[in-house]
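What follows is a single structure, written as structure tokens, with notes after it.
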Amino acid sequence: MDRKARSDLHQRRSRIARRSKSTEAVEFFNVLTSEELLQTTEALLPEHRERLYPPTVTLSMFMRQTLEADGSCQKAVNGWAAQRAADGLRPCSVRTGGYCRARQRLPLQMVSGLARHTGRLLSEKAHAHWLWRGRAVKLVDGTGLSMPDTPENQAVYPQPSTQANGVGFPLARLVMVICLATGAALDAAIGPHQGKGSGELSLVRQVLGNLRPGDVMLADALYCNYFLIATLMAAGVDVLFEQNGARITDFRRGHSLGQRDHIVRWPKPKIRPQWMTPEQYAEAPEELVLRECKVNHQVLVTTLCEHRRVSKDDLSQLYARRWNVELDLRNLKTTTGMDVLRCQTPEMNDKQLWAHLLAYNVIRLLMAQAASNTGKDPRELSFKHTVQLWSEWVARGLSAAHGDGLLFTLIAQTKVGHRPGRIEPRMRKRRPKPYPWLKTPRAHARSQVKRYGHDWATK
């Protein structure tokens, strides 16, 4: 970097630092203003006057909320007030109104843009030995999210039709693209849980731009769709899916590559999907040449047809790594609390979702750095352990570089247990509290309790 570039970088850092005032107390700021992210952060900052909660401070506090068990706005404001007092700055009110308004002013484009940028940056910097045969593998999967029962949320993300009015919760469907090598969240699409265009196949078409020629897409049987595979093949992307249960696989047909392993031709479905225009349907290929193989009671479908270079066992081992996306979604929903979004409007819930993904990518960035320093694979390290360490680090005012990178050494000391034969039933042993289910709107239930007492439902 030449002198002029260093001078410009210093000026931009100083400018953002002036806006944020004492932001060194919020450790995420150090990551957001790193050399790689500085230009993106600066470009996405909205015009604003000097406030108690400038955009970078607000975003940092927002991200901290997603990583703490008590993710309330009151807790965030209390922490900011305590930090200002510790830094010898003018005391501020602990009322949450100013911070909540500052969160509302944050542009969604800024939060989502930074989340996507950090994910892309992390994926592109993955070491060669973290990749699969030198190729980037992208995991795709979907999940459901709930949010507070407000009229605004219900209008955009209506509750399931099986729930009565007033007793259900708005539900959203989320589809994500995750880098297998680093665990970084590359992109996401969110939509209603039911209704036209709400399925995972509809949402996945919104995030296909993150797949590059030479990538491999890894997903479960839901995504084993003729037109999705055709789209990916046209883009130079290979796929590895589990066979959809509705399709019958006959290994007596096609070109045999070995036992329960063959090349087969899939004809184009005769019925055009509702989302496709007649022109799109006409442009789709009349058939697809794919490879089907059966390993461990699973039929796998792939475009990796060179069996001498990629054996059945290779495909089975690669598909087994698809489980990482289930763990990543669990980390997001359980460890960071994304399972239940907390905001009163769909706009703020979308913003909270991207704040979760941005914080998640920052944690993944720390894990990747720890793996790089110690010669390990990022997938061997514990996400929850890293979140716990980072929270303790920040609480004591330490930077990531403290102690010659001691944080990265501690992160790398705890590895995820390898338990290939572990199987757990999807059942609960611990019973919930013995209260009956709410079957009427809460306001009506309150009036009945006031009139008849808490046992009104049994009378």
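Okay, here's what the table says:
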| read-out | value |
| --- | --- |
| Trp323 vs. criteria aromatic (Phe, Trp, Tyr), assigned by TED's automatic domain parsing to the domain that holds Leu218, within 16 Å of Ala219 (Cα to Cα) and surrounded by fewer than 14 Cβ atoms within 10 Å (Cβ to Cβ) | yes |
| One residue from Lys270, Lys294 being surrounded by fewer than 16 Cβ atoms within 10 Å (Cβ to Cβ), over 26 Å from Gly236 (Cβ atoms) and of a type in the set (D, E, K, R) | Lys270 |
| Some residue of segment 143-150 being more than 22 Å from the chain's Cα centre (by Cα) and assigned to a helix (DSSP H, G or I) | no |
| Whichever residue in segment 404-450 is small (Gly, Ala, Ser) and modelled with pLDDT of 85 or more and, among such residues, is nearest to Thr386 (Cα to Cα) | Ala412 |
| Yes/no for Leu318 being outside any helix (DSSP H, G or I) and either in contact with a Pro (Cβ under 6 Å, 6 or more places away or on another chain) or touching a residue at least 12 places away in the same chain (Cβ under 8 Å) (or both) | no |
| Whichever residue in segment 69-91 is in a loop (DSSP other than H, G, I, E, B) and surrounded by fewer than 16 Cβ atoms within 10 Å (Cβ to Cβ) and, among such residues, is modelled with the highest pLDDT | Ser72 |
| Helices (runs of 4 or more DSSP H) within segment 352-459 that include 2 or more residues among the polar types (S, T, N, Q), closer than 24 Å to Thr336 by Cα and under 25 Å from the mean Cα position of the chain (by Cα) | 383-395 |
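The values are calculated or read from the model by the stated rules, or taken from the named source; none is laboratory data. In this text, all values refer to a predicted model and were calculated from it rather than measured experimentally. Using ideal geometry, Cβ is built from the backbone for each residue, glycine included, and neighbour counts are taken over all protein chains shown.
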